[in-house]
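A short worksheet on the structure shown next.
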Amino acid sequence: MNDEKQLHWLVRPSTIRNLWIGSSIVLALVVLAQTVFYVKGYFGFDAWFGFGAIYGFVSCLVMVLVAKLLGLVLKRPVDYYDEPQDEQNLNSSHDKLKESNNGV
Amino acid sequence: MEFEFFSPAFILLIAAVLICLVKGHARTAVVLIAPIITLWAIWQVPDGVQSTVKFLSYNIEPVEGSPLRRLFATIFAIMVFVGGLYSFRIARWYELAAAFAYAAGAIGVCFAGDLITMFLYWEMMAIFSTVVVWCGGTPGARAAGIRYAIMHLLGGVVLKVGIEGVVVGTGSIQIQPMLATDFSTWMILIGILINAAAPPVSAWLADAYPESTPTGSVFLSAFTTKTAVLALILLFPGEPVLIGIGLFMVMYGIIFALLENDVRRILAYSVVNQVGFMVVAVGIGTEMALNGATAHAFAHIIYKALLFMSAGVVIYRTGKNKCMELGGLFRTMPVTCVCGIIGALAISSFPLTSGFTTKSMISQAAVDGNLVWVYMALTAASAGVFLHAGIKFPWFVFFQKDSGLRPKDAPWNMGLAMVIFASLCILLGVFPEILYALLPYPVDYQPYSIGKVLFYLQLLLFSGLAFFVLLPLMKRTMTISLDTDWFWRRAAVYVFKIIERIFSSVGEVIGQQRIRLQNFLHIIAVRYLGQPHTTDSRERGVFARSWPVGTTALWIAALLSVYVLLYYL
């Protein structure tokens, strides 16, 4: 408890738990509110119950997964484009190695 | 004051020169007052063409007013003022001067009445924005600035080719709506789209902007892409190609921002994403859509600059720009944090922010045009924007984990600039009528209805849920992502290397043959002409030997007899 007191109130585990509970309630309310208020759909299917919620969640899921998969192909180390310089350094160190070998 | 020939852009140009000449408080005064005078001047420009100058048999129209042009110029001037307020204490004088000249170019494009004037201001923007990128001062900024300059000068050449084609084809340099039907109109469209960061060259934006200084990126985020949007509205309203291009930009921006670790690069990708919305709207081309594109550009400049400002303060205070190194900054940077969150909510078009009242006009235009797929894609993209910019940016910078950093909050001027823009985000969200009244076409649109707000809340809040559920998948890595700039940063280098290798091996073969030929000729020469510098006659070649006089006399006699013989024949 003492440990928890030292943390900023916003990052205490109890606060975070309460935040999760609170936001779950808000999420549920936002969907349930559709029983009271009429959501005007433009194309029919977008007026279905909870359509916005499901569509938002699923499209984010798809985007994150696509990004993840693309990341496997596209991700490179931060210094990827600096490589030519590294090559030069490599060569020079190589030369140094040669020199020292010659010296021996 | 008359604005027949005097574009409001000149005020900022003069200010840019003054910034170079004066120092201290006088410079601060110039930085803060010039944009206000410009704003006043912008509203003095009446509708229609103000003057015509004959130049090389072309009718040049330096200043032309219309509600659309004034609105873009207005937000540019506001941007210069707040950007100047944000940066005047830490930016170097040459960066401020370049930024002002860059903004002057943008405002010049707003009021350009003909294609030639537009092109001149267009190039001015390219040059001075490059200087702003270079002001980053690092080797990375220098290299990125060169790539940026090449890209934009290339875009300028393509645009110029198109303009020449149109002038030759139609004999008119008027700025008027056209469709991409032939080579020259396509060239104009491509030239403009390069500035709008459209595929396949979108990469220039995320390459260059994050390399500039924290203050420079605030200016950079505002002008180039939005001027391109204005040019598209003026020249290509209703061009169907733009819908596809815009949707690609929207999705590209989201996906690449999700992969990114650099804070400002996340924001740079989301510029592409947001400009994609506007490009789609121009492609739809109805009055509603063009209103939406204009309003969205207006709101976008404010919240995107706000986001870059809050990222800029973080980078200025901590010197770090990677999500992995940041986190937990909300403790000591409350103003920056709150303003960043407001900007993030606005970009995600949360109800009661400017994003909601402007971006939903574009969706409405898609509905009116019965474009189901476009509408659904834009809606999915709205969810994606909340994911990559709305939550990701504030979460990784201000919350996430405790990075142990305890930087001071923003200096007063930076804080004030952020508060001004944050208030504007909310003002335009709560009272959208202010902006609607200024739009080029009459607005008959109600942004707020319970059903719509509920739909967007569901969409956005569940995107937020998705973010936190998928957080393990979004763990940042110390990586960059390959983009199309790989083709000119790597592939082109490989191609050059291969060509170089081919040439050098051809050169080697030629060299070897030359040496062989040389040796051969040398042997011949030695045989007949003899070794140079030898005193021993026996070693000399046939022709170099010294012969007895008798032999010579014999040969001469023989030749003379042949001559006599020939003479008598």
Report summary line: Honestly the protein assembly as shown on the Cα gyration tensor test (a ≥ b ≥ c root eigenvalues; a/c under 1.5 rounded, otherwise a/b vs b/c for prolate or oblate) is just prolate
Requested in this report: Take the alpha carbon gyration tensor of the range B:1-236, find the square roots of its eigenvalues, order them as a ≥ b ≥ c, and report rounded if a/c is under 1.5; if not, report prolate when a/b exceeds b/c, else oblate.
Outcome: oblate
Requested in this report: Would you calculate a helix-derived [θ] at 222 nm for the protein assembly as shown, using -39,500 (n - 2.57) for each DSSP H run of n ≥ 4 and dividing by the full residue count, to the nearest 500?
Outcome: -23000 deg cm²/dmol
Query - Stretchable slack from residue B:406 to residue B:29, in nm (0.36 nm times residue separation minus alpha-carbon distance) - result: 132.4 nm
Requested in this report: Please work out how much length the chain gains when fully extended from residue B:14 to residue B:556, using 0.36 nm per residue of separation minus the C-alpha to C-alpha distance, in nm with one decimal.
Outcome: 186.0 nm
Requested in this report: Provide the packing ranking of B:145-155, B:440-450, i.e. peptides ordered by the mean count of other C-beta atoms within 10 Å per residue, highest first.
Outcome: B:145-155, B:440-450
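Give, as a single signed number, the net charge of other residues whose beta carbon lies under 13 Å from the beta carbon of residue B:294, with Lys and Arg counted +1 and Asp and Glu -1.
Working: positive: B:69, B:70, B:226, B:359; negative: B:287.
It works out to a net charge of +3.
What does the charge count around residue B:206 come to, taking other residues whose C-beta lies under 13 Å from its C-beta (Lys +1, Arg +1, Asp -1, Glu -1)? It would help to have the intermediate numbers written out before the result.
Values: positive: B:147, B:264, B:265, B:489; negative: B:207, B:211, B:260, B:262, B:483, B:485.
My count for the surroundings of residue B:206 gives -2.
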Query raised in the report: Quick one: net charge of residue B:443's neighbours, Cβ under 12 Å, K/R +1, D/E -1?
Result: -3
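Taking the Cα centre of the protein assembly as shown as origin and charging only Cβ (+1 Lys, Arg; -1 Asp, Glu), how large is the dipole, in debye to the nearest 20?
On the way: 45 positive and 38 negative charges, 371 e Å.
Once rounded to the nearest 20, the dipole reads 1780 debye.
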Query raised in the report: In whole percent, what relative contact order does the range B:237-468 give with Cα contacts below 8 Å and a gap of six or more residues?
Result: 26
Report summary line: Given Cβ charges of +1 for Lys and Arg and -1 for Asp and Glu, the option among B:467, B:111, B:400 whose Cα lies farthest towards the positive end of the dipole of chain B is B:400
Report summary line: Relative contact order as a percentage, chain B, C-alpha pairs under 8 Å and 6+ apart, gives 12
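Relative contact order of the range B:25-148: what whole-number percent is it, with Cα pairs under 8 angstrom and at least 6 residues apart?
Working: 151 pairs, mean separation 28.0, N = 124.
Over the range B:25-148, the number comes to 23 percent.
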Requested in this report: May I ask which residue of B:482, B:120, B:198 lies farthest towards the positive end of the charge dipole of chain B, with charges of +1 (Lys, Arg) and -1 (Asp, Glu) on Cβ and the Cα centre as origin?
Outcome: B:482
Query raised in the report: Hey, got the dipole for chain B? About the Cα centre, +1 on K and R Cβ, -1 on D and E Cβ, debye to the nearest 20?
Result: 2200
Query raised in the report: Which lysines does residue B:359 reach when only Cα atoms under 19 Å apart count, and residues fewer than 8 places away in its own chain are ignored?
Result: A:40, B:226, B:304, B:452
Report summary line: Honestly the range B:358-414 on the Cα gyration tensor test (a ≥ b ≥ c root eigenvalues; a/c under 1.5 rounded, otherwise a/b vs b/c for prolate or oblate) is just oblate
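No lab work stands behind these numbers, since they all come straight from the coordinates. Because the structure is a prediction, the values reported are computed rather than measured. In this analysis, Cβ positions are derived from the backbone assuming ideal geometry, glycine residues included, and neighbour counts consider all displayed protein chains.
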